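The values are calculated or read from the model by the stated rules, or taken from the named source; none is laboratory data. Note that the structure is predicted; figures quoted are calculated from it, not measured. Every residue, glycine among them, receives a Cβ derived from its backbone with ideal geometry; neighbour counts consider all protein chains shown.
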Amino acid sequence: MAATYQVKLIDKRELARETFGFYFEKPEGFHYKSGQTLRLTLLNPPETDEQGNTRIFTIASAPYEKNILTASRLRDTAFKRVLKSLPLNSKVEIRGPYGDFLLHQETAKPAVFLAGGIGITPFRSMLVQNLEEKLPYSFFLFYSNRKPEDAAFLEEFHLLKNQIKKFTFIPIMTTVDGHLNGDMIKKHLGDLTSAVYYVVGPPAMVSGMREVLQSLAVPSDQIKIEEFEGYSLKPAPH
Ligand SMILES: Cc1cc2nc3c(=O)[nH]c(=O)nc-3n(C[C@H](O)[C@H](O)[C@H](O)COP(=O)(O)OP(=O)(O)OC[C@H]3O[C@@H](n4cnc5c(N)ncnc54)[C@H](O)[C@@H]3O)c2cc1C
């Protein structure tokens, strides 16, 4: 059940270009599942704008990990400027957990993760949690970014490849490989219709993936979608 807590920021790290990870202490009683989200509210921020002081973030840490990790693209908005410059040990308010974007129960069905950019956050949680639980899923992660320097957790996924038995990691750099398409998925999956597909990213990426999966005749009840609304406009090209 969702509850409200004040928690300390204990670390922040640059994970990729314009992308930071924020580590918060995990309060007593805060239990969540991989794929769930929280609402993060800045307390007495030095600046604000019409979007207010609260944003939704997927929890990128695994439930068994000590701290809560959120990761975000730091665009030039009042909320993000304040978050980026927040001194360590400052308190923020979190409310959660929320959401039912959870891994399916039947471990015999492969889990196919399609992530665009910062949409990687729930999949980092699900995969790292599997190091602990060792459930016999087959995982496929298609992770699309413009360039390697834009891709948070890239090295960690390369390491996880060796630690999780049935984990296929397919990084896609759109400046070189083009956009993620049906042929790329077909190349790695034998039986396309037995898997459950998870799509996460900005609205444009999500609608593109919806079309790709439809063209592969994936039944709609085997597709789970989490849209990071708020990234509806394309960022400026680098
Ligand atoms: C279920 C869910 C889970 C989410 N999980 C995450 C997560 O794990 N990580 C994460 O980073 N975000 C996540 N989000 C999105 C997050 O809640 C914010 O909406 C997002 O980070 C944008 O916040 P902002 O402060 O950058 O923009 P806002 O100030 O909220 O601006 C919103 C509007 O302004 C436009 N805008 C703002 N700044 C710019 C700019 N510089 N250039 C162009 N357009 C701009 C946006 O496109 C949008 O239309 C999630 C959202 C949902 C609904």
### Task
Please work out which residue is nearest to the ligand (Cβ to nearest atom), limiting yourself to region 39-61 and to residues that are of a type outside the set (D, E, K, R) and touching a Lys or Arg at 6+ places or on another chain (Cβ under 7 Å).
I56
### Task
Could you grab the pairs with beta carbons closer than 6 Å, sequence gap of 6+ or different chains, first residue in region 52-78 and at pLDDT 95 or above, second one basic (K, R) and in a loop (DSSP other than H, G, I, E, B)?
N67/K26; I68/K26
### Task
Read through the list (1) more than 16 Å from the chain's Cα centre (by Cα); (2) buried (at least 20 other Cβ atoms within 10 Å of the Cβ), then give the number of the only condition that F157 fails.
(1)
### Members of region 54-77 that are more than 22 Å from A16 (Cβ to Cβ) and surrounded by 15 or more Cβ atoms within 10 Å (Cβ to Cβ)
P63
### Query
For region 1-54, which fully contained strands (runs of 3 or more DSSP E) count at least 3 residues that are over 21 Å from Y231 (Cβ atoms)?
3-16
### Query
Which of the residues spanning region 55-65 are of a type in the set (A, V, I, L, M, F, W, C) and either more than 16 Å from the chain's Cα centre (by Cα) or not in a loop (DSSP other than H, G, I, E, B) (or both)?
I56, F57
### Query
When region 189-198 is examined, which residues are found to be closer than 18 Å to P136 by Cα and outside any strand (DSSP E or B)?
L189, G190, D191, S194, A195
### Query
Do we have L131 as at pLDDT below 95 and either on the phi < 0 side of the Ramachandran plot or outside the structural domain of G35 (by TED's automatic domain parsing) (or both) here?
no
### Message
Within region 15-38, take every residue that is without any contact (Cβ under 8 Å) to a residue 60 or more places away in the chain and under 21 Å from L131 (Cα atoms) and give me the one that is nearest to the ligand (Cβ to nearest atom).
### Response
Y23
### Query
Does D100 fit the bill of being out of contact with any Asp or Glu (no Cβ under 7 Å at 6 or more places or on another chain), assigned to a loop (DSSP other than H, G, I, E, B) and more than 10 Å from the ligand (Cβ to nearest atom)?
yes
